[in-house]
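What follows is a single structure, written as structure tokens, with notes after it.
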Amino acid sequence: MDLLSLSPARPAPEGAPVPAEHAAAPVAVVGLGYVGLPTALALLAGGNEVVGIDVSEARLAAIRSGDVDLLPSDHGRLTAHQDDPRFTLTADPAAIQRARTVVVCVPTPVDRHLVPDLNALSAACAAVVAHAVPGQLIMLTSTTYVGTTRELLVEPLTARGFRVGTDVFVAFSPERIDPGNAHHAQDATPRVAGGTNDLTNRLAEAVLERTAPAVHLLPSAEQAEMTKLWENTFRAVNIALANEFAEDCRELGLEPMPIIEAAATKPYGFMPFYPGPGVGGHCIPCDPHYLLWQLRARRVSSPLVDAAMTAIAGRPRRVVQRARELLAEHGRPVSGARVLVVGVAYKPGVADLRESPALEIMEELAADGAKTEFFDPLVASLRLGAAVHTSVADPAGQDWDLVLVHTLHPGVDLDWLAAQPLVLDATYRLDSVTAKAVV
């Protein structure tokens, strides 16, 4: 596929209507991972020409072959656009110059010490700044700390001689993609955007409304950045609370799930969150740490958020502790025990292992001497340290000392669990298995 040959746009003056062709003009999507690729496909479906840019040639090859983890609807879009001249894939950041709008969708993880890892984000923004041309709208979507858009885009562009808000336009619009969840489709989810001035916001709205039912505009990028941190920190705190309450229920001899459903009948003041084995992905276990990291630099604490994130980080170890307890109750030492983990993806319906609690659970059990294997129809293999583990082909045909259910993928037959002597249901959703324990 050849790169698009288009000249940059001439910026519209402040107060003038946004040119109709701006919204439909070519878009460069920088980063084609779990957020960037669905974003590119949504823009294609909205009528845009798209230049997809990724530094990984392996990722580009996987996209070209269709060997990527997507919702069925997005797989259909990818298939439909494989030979579309409006869809360009390249590793060359100079392709940024060919687009009217640039959307940055790179991961923002944390390291093993829960410190933000800004390497990918910094490199992507530096490439965008280096290749920016007059008239472009540049939108950052990666979740990050407050002030990132200004520090990594606005200030470097200004240093290059651009008048931000006049020559080039910069906004932040946090992604709201829920991988593997068809009920929260991107084109049915409102977007938030905040730019450097009114014209920037109108340009951002013109692009985003092609892929979303509504766009909520804020007067600054900083407010939009904090919006995403608030969204995911809210979820983190409530998940930590749900996990704690689930253990409280077990202590009192109660099943937590019916209680949550009962509480959810209240039409106001309550939103159901559910307990589980931990939290994975690059959102909830990572994003609040960008806020905590920034506050610590200011010698400011956020004790409730800090406590919630500590509880979330410790949840996989709590699952392992519960597994030890159950094995001991049944007279089986952990060392030498055959343990099967069912489902290792971080959430149902995806093959995504990023920050999956299952990885830490398997590592902890292996460190205790357990013979740990896994079964996941969506994940063929995984690496733990130097060892590569392959999904068990027939888990029902083997004898396990403990089956630990971590992720329930839709459509997977788990009736064989009823015959297992010891099942730890970390999902709290195995209604068909009566002889089970919970965390």
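The values are calculated or read from the model by the stated rules, or taken from the named source; none is laboratory data. Just so you know, these numbers come straight off a predicted model, no measurement behind them. Here the Cβ positions follow ideal geometry from the backbone for every residue, glycine too, while neighbour counts run over all protein chains shown.
Taking the condition of being of a type outside the set (Val, Ile, Thr), over 19 Å from residue 280 (Cβ atoms), in contact with a strand residue (DSSP E or B) (Cβ under 9 Å, 6 or more places away or on another chain) and touching a residue at least 24 places away in the same chain (Cβ under 8 Å), how many residues in the range 353-397 meet it?
Qualifying residue count, the range 353-397: 4.
So is residue 342 over 24 Å from residue 33 (Cα atoms) and either under 26 Å from the mean Cα position of the chain (by Cα) or in the same structural domain as residue 180 (by TED's automatic domain parsing) (or both) or not?
Criteria met by residue 342.
In this structure, does residue 104 turn out to be within 24 Å of residue 174 (Cβ to Cβ) and either surrounded by 21 or more Cβ atoms within 10 Å (Cβ to Cβ) or outside the structural domain of residue 167 (by TED's automatic domain parsing) (or both)?
Criteria met by residue 104.
Which of the residues spanning the range 87-136 are touching a Pro at 6+ places or on another chain (Cβ under 8 Å), within 23 Å of residue 282 (Cα to Cα) and of a type in the set (D, E, K, R)?
Across the range 87-136, the qualifying residue is only 117.
Out of the range 290-329, which residues are free of Cβ contacts under 8 Å to residues at least 12 places away in the same chain and under 19 Å from residue 439 (Cβ atoms)?
310, 314, 321, 325, 328, 329
Just a yes or no: is a residue in the range 122-129 buried (at least 22 other Cβ atoms within 10 Å of the Cβ) and touching a residue at least 60 places away in the same chain (Cβ under 8 Å)?
Looking through the range 122-129, at least one residue is buried (at least 22 other Cβ atoms within 10 Å of the Cβ) and touching a residue at least 60 places away in the same chain (Cβ under 8 Å).
Taking the criterion of being without any contact (Cβ under 8 Å) to a residue 40 or more places away in the chain, surrounded by 22 or more Cβ atoms within 10 Å (Cβ to Cβ) and assigned to a strand (DSSP E or B), would at least one residue in the range 399-409 satisfy it?
no
For (1) touching a residue at least 24 places away in the same chain (Cβ under 8 Å); (2) surrounded by fewer than 17 Cβ atoms within 10 Å (Cβ to Cβ), each residue gets a yes or a no:
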residue: 234; (1), (2): no, yes
residue: 241; (1), (2): yes, yes
residue: 248; (1), (2): no, yes
residue: 251; (1), (2): no, yes
residue: 254; (1), (2): no, yes
residue: 260; (1), (2): no, no
residue: 276; (1), (2): yes, no
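I'd like to check something: does the range 77-95 contain any residue that is in the same structural domain as residue 203 (by TED's automatic domain parsing), polar (S, T, N, Q) and part of a loop (DSSP other than H, G, I, E, B)?
Within the range 77-95, one or more residues are in the same structural domain as residue 203 (by TED's automatic domain parsing), polar (S, T, N, Q) and part of a loop (DSSP other than H, G, I, E, B).
Tell me which residues, restricted to the range 282-307, are over 13 Å from the mean Cα position of the chain (by Cα) and β-branched (Val, Ile, Thr).
Result: 300, 305.
Given 384, 414, 424, 340, which one is buried (at least 18 other Cβ atoms within 10 Å of the Cβ) and closer than 25 Å to residue 309 by Cα?
424
Quick one: which helices (runs of 4 or more DSSP H) sit completely within the range 268-386 and have at least 3 residues that are farther than 25 Å from residue 175 by Cβ?
Helices (runs of 4 or more DSSP H) meeting the threshold: 303-329, 357-367.
Identify the single condition in (1) more than 13 Å from residue 426 (Cβ to Cβ); (2) buried (at least 18 other Cβ atoms within 10 Å of the Cβ); (3) in contact with a strand residue (DSSP E or B) (Cβ under 7 Å, 6 or more places away or on another chain) that residue 292 does not satisfy, given that it satisfies every other one.
(3)
Return the residues of the range 132-175 that are assigned to a loop (DSSP other than H, G, I, E, B) and of a type in the set (Gly, Ala, Ser); say none if nothing qualifies.
The answer is 132, 135, 142, 147, 161, 165, 173.
If you go through the range 241-267, how many residues are assigned to a helix (DSSP H, G or I), in contact with an Asp or Glu (Cβ under 9 Å, 6 or more places away or on another chain) and either hydroxyl-bearing (Ser, Thr, Tyr) or more than 15 Å from residue 426 (Cβ to Cβ) (or both)?
0
Please state which one of 209, 222 is at pLDDT 95 or above and either surrounded by fewer than 20 Cβ atoms within 10 Å (Cβ to Cβ) or closer than 26 Å to residue 152 by Cα (or both).
None of the others qualify; the one that does is 222.
Could you give every pair whose Cβ atoms fall below 9 Å, whose first residue belongs to the range 101-120 and is within 22 Å of residue 179 (Cβ to Cβ), and whose second residue is of a type in the set (Lys, Arg) and not in a strand (DSSP E or B), counting only separations of at least 6 or pairs across chains?
107/354; 109/354
Per-residue answers, yes or no, for (1) outside the structural domain of residue 353 (by TED's automatic domain parsing); (2) farther than 25 Å from residue 422 by Cβ:
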site: 241; (1), (2): yes, yes
site: 246; (1), (2): yes, no
site: 250; (1), (2): yes, no
site: 300; (1), (2): no, yes
site: 312; (1), (2): no, yes
site: 325; (1), (2): no, no
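For the range 176-206, which residues satisfy the criterion of being surrounded by 18 or more Cβ atoms within 10 Å (Cβ to Cβ), polar (S, T, N, Q) and either part of a loop (DSSP other than H, G, I, E, B) or in the same structural domain as residue 356 (by TED's automatic domain parsing) (or both)?
Within the range 176-206, 196 is the sole residue that qualifies.
With respect to residue 58, determine if the residue is at pLDDT below 90, among the aliphatic types (A, V, I, L, M), assigned to a helix (DSSP H, G or I) and at negative phi.
Spelling it out, it is not the case that residue 58 is at pLDDT below 90, among the aliphatic types (A, V, I, L, M), assigned to a helix (DSSP H, G or I) and at negative phi.
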